[in-house]
Amino acid sequence: IRYPSRAVSAAADTILATDSLIGADSTSNVVVFTLPAVSAIAAGVVITVKDIGGAAVTNNITVQQASAADPIDGSNSTIISANYGSVRLFCNGAAWFII
């Protein structure tokens with residue numbers, strides 16, 4: 001099985017409905033991702049964000065909700081703060097959940 005993937009080194013980026021695996025390069029700056037609105041995502045979608053820069057302790061990677069109506073485990077964001085850490089998110093059609 002091959003999953004859609006891409007690497008991101010920009011300080012801010014929007015996760016797309018077609019994304020599955022995202023490599024976040026934390027080498028030189030913090031990275032902030034905004035999830036798509038749950039209304040734009042099919043239930044059952046899983047997205048993984050992985051620190052491929054290995055510097056998330058210094059340059060955290062934040063994954064934030066699109067709006068207050070799109071919580072992530074009841075919060076507005078989640079942070080990767082461990083070098084080479086990752087977060088895997090699941091959308092049930094009404095909210096995002098960390099799995």
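The values are calculated or read from the model by the stated rules, or taken from the named source; none is laboratory data. These numbers were taken from a predicted model, which means no experiment stands behind them. Positions of Cβ are backbone-derived with ideal geometry, glycine not excepted, and every protein chain shown enters the neighbour counts.
Brief remarks on what is shown
- Looking across segment 12-51, the residues that are touching a strand residue (DSSP E or B) at 6+ places or on another chain (Cβ under 8 Å), more than 24 Å from P71 (Cβ to Cβ) and surrounded by fewer than 19 Cβ atoms within 10 Å (Cβ to Cβ) come down to G23, D25.
- The set of residues in segment 78-96 that are assigned to a strand (DSSP E or B) and surrounded by 15 or more Cβ atoms within 10 Å (Cβ to Cβ) comprises T78, I79, I80, S86, V87, L89, C91, W96.
- Scanning segment 10-59 for residues that are over 12 Å from the mean Cα position of the chain (by Cα), among the polar types (S, T, N, Q) and under 15 Å from I80 (Cβ atoms) yields S26, T27, N29, T58, N59.
- Counted residues, segment 56-65 - those being among the hydrophobic types (A, V, I, L, M, F, W, C) and surrounded by fewer than 18 Cβ atoms within 10 Å (Cβ to Cβ): 1
- Residue list for segment 47-70, restricted to those being more than 15 Å from T14 (Cα to Cα) and at pLDDT below 95: A68, A69
- Going through (1) part of a loop (DSSP other than H, G, I, E, B); (2) out of contact with any helix residue (DSSP H, G or I) (no Cβ under 8 Å at 6 or more places or on another chain) one by one, S39 falls short only on (1).
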